[in-house]
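A short worksheet on the structure shown next.
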Amino acid sequence: MPKVPGSSQVIEPFRHRLSDRVEAEAYVASVCFKHGPPRLTGVELEWIVHHEDDPRRPLDPARLRAALGPYAPRTLNKESPELPLPAGSPLTLEPGGQVEISALPQPTLSELFGVVTADLAFLSDLLASAGFVLGDTAVDQHRTPRRLLQTPRYAAMEQVFEPIGPHGLTMMCATAGLQVCLDAGEPETLPSRWTAVTALGPVLVAAFANSPTLQGRATGWASARMRAVLGTDPPRSSPSAIVADPVADWARRVLDTPVLCVRGEGERWATPRGVSFADWVGGALPERPTTEDLDYHLSTMFPPVRPHGYLEVRYLDAQRGDGWVTPVALLAALLSTPRTVDAVLDACLPVGDRWLPAARDGLADRALATAAATVLDLGAAALPAMGLGRDLTDVILADLDRLPQRSTR
(Lines give C-alpha, C1' and ligand atoms only; values in the text may rest on other atoms or scores of the structure.)
Protein backbone atom coordinates (compact mmCIF):
# COMPACT_ATOMS: atom_id res chain seq x y z
CA MET A 1 0.00 0.00 0.00
CA PRO A 2 1.49 3.42 -0.97
CA LYS A 3 2.70 5.94 1.59
CA VAL A 4 3.01 9.70 1.66
CA PRO A 5 6.63 10.56 0.68
CA GLY A 6 8.79 11.17 3.77
CA SER A 7 6.05 9.93 6.10
CA SER A 8 4.79 6.71 7.62
CA GLN A 9 1.21 7.67 6.77
CA VAL A 10 -0.50 5.04 4.64
CA ILE A 11 -2.63 6.26 1.73
CA GLU A 12 -5.82 4.25 1.44
CA PRO A 13 -6.70 3.32 -2.15
CA PHE A 14 -9.67 5.17 -3.63
CA ARG A 15 -12.78 3.10 -2.91
CA HIS A 16 -15.88 5.06 -3.81
CA ARG A 17 -18.97 2.90 -3.35
CA LEU A 18 -21.21 2.95 -6.42
CA SER A 19 -24.82 4.02 -5.89
CA ASP A 20 -26.56 3.06 -9.11
CA ARG A 21 -26.13 1.79 -12.65
CA VAL A 22 -25.94 5.24 -14.23
CA GLU A 23 -22.96 6.14 -12.07
CA ALA A 24 -21.27 2.80 -12.81
CA GLU A 25 -21.72 3.15 -16.58
CA ALA A 26 -20.35 6.69 -16.47
CA TYR A 27 -17.31 5.42 -14.61
CA VAL A 28 -16.71 2.69 -17.21
CA ALA A 29 -16.90 5.22 -20.02
CA SER A 30 -14.44 7.54 -18.28
CA VAL A 31 -11.75 4.93 -17.56
CA CYS A 32 -12.03 2.77 -20.68
CA PHE A 33 -11.96 5.48 -23.34
CA LYS A 34 -9.22 8.09 -22.90
CA HIS A 35 -9.15 10.75 -25.59
CA GLY A 36 -6.17 12.35 -27.24
CA PRO A 37 -4.17 12.36 -30.46
CA PRO A 38 -2.81 8.91 -31.38
CA ARG A 39 0.86 8.90 -30.31
CA LEU A 40 1.85 5.61 -28.70
CA THR A 41 1.92 1.94 -29.65
CA GLY A 42 2.50 -0.96 -27.31
CA VAL A 43 2.57 -4.73 -27.58
CA GLU A 44 2.11 -7.68 -25.27
CA LEU A 45 3.62 -10.91 -26.55
CA GLU A 46 2.95 -14.36 -25.10
CA TRP A 47 4.77 -17.62 -25.69
CA ILE A 48 4.18 -21.16 -24.55
CA VAL A 49 7.23 -22.52 -22.72
CA HIS A 50 8.57 -26.05 -23.30
CA HIS A 51 11.41 -28.17 -22.06
CA GLU A 52 13.91 -28.26 -24.91
CA ASP A 53 14.68 -31.97 -24.46
CA ASP A 54 11.04 -33.07 -24.19
CA PRO A 55 8.28 -30.57 -25.07
CA ARG A 56 5.66 -33.00 -23.73
CA ARG A 57 6.98 -32.79 -20.16
CA PRO A 58 4.84 -30.64 -17.84
CA LEU A 59 6.39 -27.46 -16.54
CA ASP A 60 7.65 -27.54 -12.96
CA PRO A 61 6.94 -24.25 -11.13
CA ALA A 62 10.12 -24.48 -9.06
CA ARG A 63 12.32 -24.95 -12.12
CA LEU A 64 10.64 -22.11 -14.01
CA ARG A 65 10.94 -19.90 -10.92
CA ALA A 66 14.67 -20.63 -10.73
CA ALA A 67 15.11 -19.97 -14.45
CA LEU A 68 13.46 -16.54 -14.29
CA GLY A 69 15.28 -15.55 -11.10
CA PRO A 70 14.70 -11.91 -10.08
CA TYR A 71 12.53 -11.34 -13.16
CA ALA A 72 9.91 -13.88 -12.04
CA PRO A 73 6.50 -12.30 -11.41
CA ARG A 74 5.07 -12.56 -7.91
CA THR A 75 2.31 -14.85 -9.16
CA LEU A 76 5.10 -17.44 -9.43
CA ASN A 77 7.38 -16.29 -6.61
CA LYS A 78 5.81 -14.16 -3.86
CA GLU A 79 9.26 -12.99 -2.71
CA SER A 80 10.51 -11.96 -6.15
CA PRO A 81 11.77 -8.40 -6.68
CA GLU A 82 9.90 -8.70 -10.00
CA LEU A 83 12.51 -6.77 -11.96
CA PRO A 84 11.61 -5.57 -15.45
CA LEU A 85 13.63 -7.01 -18.31
CA PRO A 86 16.72 -4.95 -19.22
CA ALA A 87 15.00 -2.81 -21.88
CA GLY A 88 12.17 -2.03 -19.47
CA SER A 89 9.42 -4.53 -20.27
CA PRO A 90 7.59 -6.12 -17.33
CA LEU A 91 7.48 -9.93 -17.42
CA THR A 92 4.29 -11.73 -16.46
CA LEU A 93 2.99 -15.29 -16.61
CA GLU A 94 -0.30 -16.69 -17.82
CA PRO A 95 -2.03 -19.45 -15.82
CA GLY A 96 -0.41 -22.34 -17.70
CA GLY A 97 3.10 -20.91 -17.42
CA GLN A 98 3.11 -18.98 -20.69
CA VAL A 99 5.55 -16.08 -20.47
CA GLU A 100 4.48 -12.60 -21.51
CA ILE A 101 6.47 -9.47 -22.33
CA SER A 102 4.38 -6.32 -21.88
CA ALA A 103 6.45 -3.68 -23.62
CA LEU A 104 5.95 -0.12 -22.45
CA PRO A 105 4.23 2.01 -25.14
CA GLN A 106 6.61 3.90 -27.40
CA PRO A 107 6.15 6.96 -29.64
CA THR A 108 7.56 5.21 -32.73
CA LEU A 109 7.42 1.68 -34.06
CA SER A 110 11.21 1.66 -34.40
CA GLU A 111 11.63 2.34 -30.68
CA LEU A 112 8.99 -0.26 -29.81
CA PHE A 113 10.59 -2.92 -31.97
CA GLY A 114 14.00 -2.15 -30.48
CA VAL A 115 12.73 -2.58 -26.93
CA VAL A 116 10.90 -5.81 -27.62
CA THR A 117 13.71 -7.32 -29.67
CA ALA A 118 16.21 -6.67 -26.89
CA ASP A 119 13.98 -8.00 -24.12
CA LEU A 120 12.93 -11.04 -26.15
CA ALA A 121 16.56 -11.97 -26.82
CA PHE A 122 17.35 -11.62 -23.12
CA LEU A 123 14.35 -13.73 -22.09
CA SER A 124 15.14 -16.42 -24.65
CA ASP A 125 18.72 -16.69 -23.36
CA LEU A 126 17.52 -16.73 -19.75
CA LEU A 127 15.18 -19.62 -20.43
CA ALA A 128 17.64 -21.47 -22.66
CA SER A 129 20.21 -21.53 -19.87
CA ALA A 130 17.71 -23.58 -17.86
CA GLY A 131 16.75 -25.89 -20.73
CA PHE A 132 13.57 -24.11 -21.82
CA VAL A 133 12.49 -22.91 -25.26
CA LEU A 134 9.69 -20.65 -26.47
CA GLY A 135 6.98 -22.21 -28.61
CA ASP A 136 6.36 -21.06 -32.17
CA THR A 137 2.58 -21.51 -32.42
CA ALA A 138 -0.37 -19.99 -30.58
CA VAL A 139 -1.50 -23.23 -28.91
CA ASP A 140 0.33 -25.93 -27.00
CA GLN A 141 0.99 -28.76 -29.44
CA HIS A 142 2.35 -31.19 -26.87
CA ARG A 143 0.56 -31.04 -23.48
CA THR A 144 -2.96 -31.09 -22.15
CA PRO A 145 -4.04 -27.82 -20.50
CA ARG A 146 -2.99 -27.63 -16.85
CA ARG A 147 -2.96 -24.65 -14.53
CA LEU A 148 0.51 -23.88 -13.18
CA LEU A 149 -0.21 -20.70 -11.23
CA GLN A 150 -2.09 -21.18 -7.97
CA THR A 151 -3.75 -17.82 -7.41
CA PRO A 152 -7.28 -16.98 -6.24
CA ARG A 153 -8.01 -15.19 -9.52
CA TYR A 154 -7.10 -18.13 -11.72
CA ALA A 155 -8.83 -20.61 -9.44
CA ALA A 156 -12.01 -18.55 -9.73
CA MET A 157 -11.68 -18.36 -13.52
CA GLU A 158 -11.27 -22.11 -13.80
CA GLN A 159 -14.27 -22.69 -11.53
CA VAL A 160 -16.49 -20.41 -13.60
CA PHE A 161 -15.31 -21.57 -17.03
CA GLU A 162 -15.25 -25.33 -16.44
CA PRO A 163 -19.07 -25.86 -16.50
CA ILE A 164 -19.29 -23.97 -19.81
CA GLY A 165 -16.94 -26.38 -21.60
CA PRO A 166 -13.26 -27.17 -22.24
CA HIS A 167 -12.39 -23.95 -24.02
CA GLY A 168 -11.83 -21.89 -20.88
CA LEU A 169 -9.04 -24.06 -19.51
CA THR A 170 -7.51 -24.30 -22.99
CA MET A 171 -7.58 -20.52 -23.35
CA MET A 172 -6.07 -19.97 -19.91
CA CYS A 173 -3.35 -22.60 -19.98
CA ALA A 174 -2.56 -23.65 -23.55
CA THR A 175 -2.74 -20.56 -25.78
CA ALA A 176 -0.50 -17.61 -26.58
CA GLY A 177 -1.61 -14.36 -28.16
CA LEU A 178 -0.14 -11.21 -29.64
CA GLN A 179 -1.77 -8.05 -28.32
CA VAL A 180 -1.37 -4.62 -29.88
CA CYS A 181 -2.17 -1.48 -27.89
CA LEU A 182 -3.23 1.63 -29.82
CA ASP A 183 -4.38 5.05 -28.66
CA ALA A 184 -8.15 5.48 -28.89
CA GLY A 185 -7.93 8.90 -30.57
CA GLU A 186 -9.83 12.16 -30.28
CA PRO A 187 -13.56 12.10 -29.41
CA GLU A 188 -14.61 12.79 -32.99
CA THR A 189 -12.45 9.99 -34.44
CA LEU A 190 -12.81 7.40 -31.69
CA PRO A 191 -15.95 5.71 -33.09
CA SER A 192 -14.37 5.17 -36.50
CA ARG A 193 -11.06 3.93 -35.04
CA TRP A 194 -12.87 1.54 -32.71
CA THR A 195 -15.06 0.28 -35.54
CA ALA A 196 -12.11 -0.14 -37.88
CA VAL A 197 -10.08 -2.10 -35.32
CA THR A 198 -13.10 -4.30 -34.56
CA ALA A 199 -14.10 -4.87 -38.19
CA LEU A 200 -10.48 -5.73 -39.01
CA GLY A 201 -10.64 -8.57 -36.49
CA PRO A 202 -11.96 -11.40 -38.69
CA VAL A 203 -9.66 -10.38 -41.56
CA LEU A 204 -6.51 -10.33 -39.42
CA VAL A 205 -7.50 -13.45 -37.47
CA ALA A 206 -7.71 -15.23 -40.83
CA ALA A 207 -4.52 -13.70 -42.23
CA PHE A 208 -2.33 -14.44 -39.19
CA ALA A 209 -3.89 -17.67 -37.92
CA ASN A 210 -1.09 -19.76 -36.39
CA SER A 211 -2.73 -22.53 -34.40
CA PRO A 212 -4.22 -25.31 -36.53
CA THR A 213 -3.22 -28.10 -34.14
CA LEU A 214 -3.75 -28.72 -30.43
CA GLN A 215 -1.81 -31.32 -28.46
CA GLY A 216 -0.31 -32.54 -31.75
CA ARG A 217 -3.66 -33.17 -33.45
CA ALA A 218 -5.28 -31.23 -36.30
CA THR A 219 -8.32 -29.35 -35.04
CA GLY A 220 -9.91 -28.39 -38.36
CA TRP A 221 -9.52 -24.74 -37.33
CA ALA A 222 -6.99 -22.28 -38.70
CA SER A 223 -6.90 -20.60 -35.27
CA ALA A 224 -7.71 -23.08 -32.53
CA ARG A 225 -6.70 -20.32 -30.14
CA MET A 226 -9.46 -17.97 -31.32
CA ARG A 227 -11.93 -20.85 -31.23
CA ALA A 228 -11.04 -21.37 -27.56
CA VAL A 229 -11.30 -17.67 -26.75
CA LEU A 230 -14.73 -17.28 -28.37
CA GLY A 231 -16.04 -20.38 -26.59
CA THR A 232 -14.66 -19.60 -23.14
CA ASP A 233 -17.44 -17.45 -21.68
CA PRO A 234 -19.37 -15.56 -24.38
CA PRO A 235 -20.65 -12.67 -22.23
CA ARG A 236 -17.06 -11.67 -21.51
CA SER A 237 -15.12 -13.15 -24.46
CA SER A 238 -17.30 -12.62 -27.54
CA PRO A 239 -16.66 -9.72 -29.95
CA SER A 240 -18.31 -6.40 -29.30
CA ALA A 241 -21.07 -5.33 -31.64
CA ILE A 242 -20.30 -2.76 -34.31
CA VAL A 243 -22.52 0.15 -33.28
CA ALA A 244 -22.68 3.92 -33.65
CA ASP A 245 -21.89 4.59 -29.97
CA PRO A 246 -19.23 2.10 -28.83
CA VAL A 247 -18.70 3.89 -25.50
CA ALA A 248 -22.29 3.51 -24.31
CA ASP A 249 -22.50 0.00 -25.74
CA TRP A 250 -19.37 -1.12 -23.88
CA ALA A 251 -20.55 0.41 -20.61
CA ARG A 252 -23.86 -1.46 -20.88
CA ARG A 253 -22.10 -4.70 -21.71
CA VAL A 254 -19.76 -4.43 -18.75
CA LEU A 255 -22.64 -3.87 -16.34
CA ASP A 256 -24.66 -6.75 -17.82
CA THR A 257 -21.78 -9.26 -17.64
CA PRO A 258 -21.84 -11.71 -14.72
CA VAL A 259 -19.40 -11.06 -11.90
CA LEU A 260 -16.58 -13.61 -12.18
CA CYS A 261 -15.51 -13.37 -8.54
CA VAL A 262 -15.68 -11.25 -5.43
CA ARG A 263 -12.23 -10.79 -3.96
CA GLY A 264 -11.56 -11.70 -0.35
CA GLU A 265 -8.73 -12.27 2.08
CA GLY A 266 -8.36 -16.02 1.59
CA GLU A 267 -7.05 -18.22 -1.21
CA ARG A 268 -10.54 -18.94 -2.56
CA TRP A 269 -12.77 -16.12 -3.68
CA ALA A 270 -16.53 -16.21 -4.00
CA THR A 271 -17.91 -16.84 -7.49
CA PRO A 272 -21.55 -15.68 -7.39
CA ARG A 273 -23.40 -17.41 -10.21
CA GLY A 274 -25.87 -15.44 -12.26
CA VAL A 275 -25.11 -12.07 -10.64
CA SER A 276 -24.27 -9.32 -13.11
CA PHE A 277 -22.33 -6.26 -12.05
CA ALA A 278 -25.55 -4.29 -12.43
CA ASP A 279 -27.21 -6.72 -10.02
CA TRP A 280 -24.36 -6.17 -7.58
CA VAL A 281 -24.76 -2.40 -7.81
CA GLY A 282 -28.48 -2.93 -7.25
CA GLY A 283 -27.92 -4.75 -3.96
CA ALA A 284 -27.80 -8.43 -4.98
CA LEU A 285 -24.78 -9.03 -2.72
CA PRO A 286 -24.33 -8.00 0.94
CA GLU A 287 -22.22 -4.92 0.16
CA ARG A 288 -22.49 -2.72 -2.88
CA PRO A 289 -19.36 -2.63 -5.08
CA THR A 290 -16.76 0.10 -5.16
CA THR A 291 -15.00 1.65 -8.13
CA GLU A 292 -12.09 -0.61 -7.25
CA ASP A 293 -14.40 -3.63 -7.63
CA LEU A 294 -15.51 -2.29 -11.00
CA ASP A 295 -11.90 -1.86 -12.08
CA TYR A 296 -11.32 -5.52 -11.22
CA HIS A 297 -14.48 -6.59 -13.05
CA LEU A 298 -13.17 -4.77 -16.13
CA SER A 299 -10.01 -6.87 -15.94
CA THR A 300 -12.13 -10.02 -16.26
CA MET A 301 -13.53 -8.88 -19.62
CA PHE A 302 -11.52 -10.14 -22.59
CA PRO A 303 -13.27 -9.63 -25.93
CA PRO A 304 -11.14 -9.53 -29.10
CA VAL A 305 -10.91 -5.74 -28.75
CA ARG A 306 -10.94 -4.33 -25.21
CA PRO A 307 -11.04 -0.61 -24.38
CA HIS A 308 -8.51 -0.12 -21.60
CA GLY A 309 -7.98 3.62 -21.76
CA TYR A 310 -6.52 2.69 -25.12
CA LEU A 311 -7.62 0.05 -27.65
CA GLU A 312 -6.21 -3.34 -26.72
CA VAL A 313 -6.30 -5.59 -29.79
CA ARG A 314 -6.41 -9.17 -28.50
CA TYR A 315 -7.41 -11.22 -31.54
CA LEU A 316 -4.03 -12.08 -33.08
CA ASP A 317 -2.33 -15.44 -32.67
CA ALA A 318 1.25 -15.47 -31.40
CA GLN A 319 3.61 -15.68 -34.39
CA ARG A 320 6.70 -17.73 -35.12
CA GLY A 321 10.05 -16.10 -34.27
CA ASP A 322 10.11 -12.41 -35.11
CA GLY A 323 6.93 -12.73 -37.19
CA TRP A 324 5.10 -10.59 -34.63
CA VAL A 325 6.63 -7.48 -36.20
CA THR A 326 4.51 -7.74 -39.36
CA PRO A 327 0.99 -7.69 -37.84
CA VAL A 328 2.00 -4.96 -35.37
CA ALA A 329 3.34 -2.75 -38.16
CA LEU A 330 0.34 -3.53 -40.35
CA LEU A 331 -2.18 -2.57 -37.67
CA ALA A 332 -0.35 0.66 -36.87
CA ALA A 333 -0.17 1.55 -40.57
CA LEU A 334 -3.86 0.82 -41.12
CA LEU A 335 -4.80 3.19 -38.28
CA SER A 336 -2.22 5.86 -39.17
CA THR A 337 -4.47 8.33 -41.04
CA PRO A 338 -8.21 9.05 -41.14
CA ARG A 339 -8.20 8.33 -44.87
CA THR A 340 -6.75 4.86 -44.33
CA VAL A 341 -9.21 4.20 -41.51
CA ASP A 342 -12.09 5.06 -43.86
CA ALA A 343 -10.73 2.68 -46.49
CA VAL A 344 -10.39 -0.07 -43.88
CA LEU A 345 -14.03 0.44 -42.92
CA ASP A 346 -15.13 0.14 -46.54
CA ALA A 347 -13.21 -3.11 -46.95
CA CYS A 348 -13.96 -4.76 -43.62
CA LEU A 349 -17.46 -3.80 -42.51
CA PRO A 350 -19.06 -6.36 -44.87
CA VAL A 351 -17.10 -9.15 -43.11
CA GLY A 352 -16.89 -7.63 -39.66
CA ASP A 353 -19.05 -10.36 -38.13
CA ARG A 354 -17.26 -13.37 -39.65
CA TRP A 355 -15.29 -14.31 -36.53
CA LEU A 356 -16.07 -18.01 -36.57
CA PRO A 357 -15.38 -18.48 -40.32
CA ALA A 358 -12.11 -16.58 -39.81
CA ALA A 359 -11.04 -18.85 -36.95
CA ARG A 360 -12.16 -22.00 -38.74
CA ASP A 361 -11.23 -21.39 -42.38
CA GLY A 362 -8.66 -18.59 -42.37
CA LEU A 363 -8.20 -17.03 -45.79
CA ALA A 364 -9.83 -20.04 -47.41
CA ASP A 365 -13.03 -18.09 -46.72
CA ARG A 366 -13.58 -16.23 -49.99
CA ALA A 367 -15.16 -13.11 -48.50
CA LEU A 368 -12.37 -12.76 -45.96
CA ALA A 369 -9.71 -13.35 -48.61
CA THR A 370 -11.19 -10.57 -50.75
CA ALA A 371 -11.21 -8.14 -47.83
CA ALA A 372 -7.70 -9.22 -46.81
CA ALA A 373 -6.33 -8.45 -50.28
CA THR A 374 -7.60 -4.89 -50.00
CA VAL A 375 -6.36 -4.52 -46.40
CA LEU A 376 -2.88 -5.79 -47.26
CA ASP A 377 -2.68 -3.35 -50.16
CA LEU A 378 -3.75 -0.50 -47.88
CA GLY A 379 -1.15 -1.49 -45.31
CA ALA A 380 1.58 -1.82 -47.91
CA ALA A 381 0.82 1.67 -49.21
CA ALA A 382 0.92 3.17 -45.69
CA LEU A 383 4.00 1.36 -44.39
CA PRO A 384 6.71 3.53 -46.00
CA ALA A 385 5.49 6.51 -43.94
CA MET A 386 5.84 4.64 -40.62
CA GLY A 387 9.53 5.51 -40.17
CA LEU A 388 10.81 1.94 -40.00
CA GLY A 389 13.64 2.36 -42.46
CA ARG A 390 13.90 0.85 -45.89
CA ASP A 391 15.34 -2.53 -44.93
CA LEU A 392 12.72 -3.40 -42.31
CA THR A 393 9.92 -1.98 -44.43
CA ASP A 394 11.00 -4.23 -47.31
CA VAL A 395 11.05 -7.27 -45.02
CA ILE A 396 7.52 -6.52 -43.79
CA LEU A 397 6.24 -5.90 -47.31
CA ALA A 398 7.68 -9.23 -48.43
CA ASP A 399 6.00 -10.94 -45.48
CA LEU A 400 2.66 -9.36 -46.40
CA ASP A 401 3.09 -10.62 -49.97
CA ARG A 402 3.51 -14.16 -48.63
CA LEU A 403 0.40 -14.15 -46.44
CA PRO A 404 -2.14 -15.35 -49.04
CA GLN A 405 0.19 -18.15 -50.13
CA ARG A 406 0.88 -19.14 -46.51
CA SER A 407 -2.83 -19.44 -45.79
CA THR A 408 -3.34 -22.06 -48.51
CA ARG A 409 -0.69 -24.49 -47.28
Practice item. Return a yes/no flag: does segment 295-304 have any residue that is closer than 30 Å to VAL49 by Cβ, in contact with a strand residue (DSSP E or B) (Cβ under 6 Å, 6 or more places away or on another chain) and modelled with pLDDT of 95 or more. Key: yes
Check your understanding: Here are some conditions: (1) over 19 Å from GLY177 (Cβ atoms); (2) touching a strand residue (DSSP E or B) at 6+ places or on another chain (Cβ under 9 Å); (3) among the charged types (D, E, K, R). ARG360 meets all but one. Which one does it not meet?
Key -> (1)
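Yes/no matrix, rows are residues, columns are (1) at pLDDT 95 or above; (2) loosely packed, with under 15 Cβ neighbours inside 10 Å; (3) not basic (Lys, Arg):
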{"position": "LYS3", "(1), (2), (3)": "no, yes, no"}
{"position": "GLY6", "(1), (2), (3)": "no, yes, yes"}
{"position": "GLU25", "(1), (2), (3)": "yes, no, yes"}
{"position": "VAL49", "(1), (2), (3)": "yes, no, yes"}
{"position": "GLU52", "(1), (2), (3)": "yes, yes, yes"}
{"position": "GLY88", "(1), (2), (3)": "yes, yes, yes"}
{"position": "LEU91", "(1), (2), (3)": "yes, no, yes"}
Practice item. Please indicate, with yes or no, whether at least one residue in segment 380-395 is crowded, with 19+ Cβ neighbours inside 10 Å, of a type outside the set (Phe, Trp, Tyr) and under 19 Å from ALA206 (Cβ atoms). Key: no
Check your understanding: Residue check: is VAL180 β-branched (Val, Ile, Thr), in a helix (DSSP H, G or I), modelled with pLDDT of 95 or more and within 18 Å of SER299 (Cα to Cα)?
Key -> no
Check your understanding: Which of the residues spanning segment 95-120 are within 30 Å of GLN150 (Cβ to Cβ) and of a type in the set (D, E, K, R)?
Key -> GLU100, ASP119
Check your understanding: For LEU76, are the conditions met, namely being crowded, with 17+ Cβ neighbours inside 10 Å and either touching an Asp or Glu at 6+ places or on another chain (Cβ under 6 Å) or without any contact (Cβ under 8 Å) to a residue 24 or more places away in the chain (or both)?
Key -> no
Check your understanding: Taking helices (runs of 4 or more DSSP H) that do not extend beyond segment 256-359, which have at least 2 residues that are surrounded by 20 or more Cβ atoms within 10 Å (Cβ to Cβ) and hydrophobic (A, V, I, L, M, F, W, C)?
Key -> 277-281, 325-334, 338-348
Check your understanding: Among ALA248, ALA244, which is the only one that is under 25 Å from the mean Cα position of the chain (by Cα), surrounded by fewer than 16 Cβ atoms within 10 Å (Cβ to Cβ) and farther than 20 Å from ASP20 by Cβ?
Key -> ALA244
Practice item. Evaluate the following for LEU169: is it in contact with a Leu (Cβ under 9 Å, 6 or more places away or on another chain) and either on the phi < 0 side of the Ramachandran plot or in contact (Cβ under 8 Å) with a residue 12 or more places away in the chain (or both)? Key: no
Review point. Can you spot a residue in segment 250-260 that is in contact with an Asp or Glu (Cβ under 7 Å, 6 or more places away or on another chain) and among the hydroxyl-bearing types (Ser, Thr, Tyr)?
Key: no
Exercise for review: Can you tell me which residue within segment 110-126, out of those that are surrounded by 15 or more Cβ atoms within 10 Å (Cβ to Cβ) and charged (D, E, K, R), is nearest to VAL180 (Cα to Cα)?
Suggested key: GLU111
Review point. Taking segment 221-241, which residues are outside any helix (DSSP H, G or I), of a type outside the set (Ser, Thr, Tyr) and at pLDDT 95 or above?
Key: TRP221, ALA222, ASP233, PRO239
Exercise for review: Mind listing whichever residues of segment 360-397 are assigned to a helix (DSSP H, G or I), among the hydrophobic types (A, V, I, L, M, F, W, C) and either over 26 Å from the mean Cα position of the chain (by Cα) or over 30 Å from GLY220 (Cβ atoms) (or both)?
Suggested key: LEU378, ALA380, ALA381, ALA382, LEU383, ALA385, MET386, LEU392, VAL395, ILE396, LEU397
Check your understanding: Could we say that VAL328 is at pLDDT 95 or above, closer than 25 Å to THR175 by Cβ, more than 21 Å from the chain's Cα centre (by Cα) and of a type in the set (Val, Ile, Thr) here?
Key -> no
Practice item. Check segment 100-112 and report whether any residue there is in a loop (DSSP other than H, G, I, E, B), under 12 Å from LEU45 (Cβ atoms) and within 21 Å of the chain's Cα centre (by Cα). Key: yes
Exercise for review: Please determine, by comparing only the residues of segment 47-90 that are closer than 23 Å to VAL115 by Cα and outside any loop (DSSP other than H, G, I, E, B), which one is nearest to the chain's Cα centre (by Cα).
Suggested key: TRP47
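The values are calculated or read from the model by the stated rules, or taken from the named source; none is laboratory data. What you are looking at is a predicted structure, and each value in this text was computed from that prediction instead of being measured. Glycine also receives a Cβ, built like all others from the backbone with ideal geometry; neighbour counts cover every protein chain displayed.
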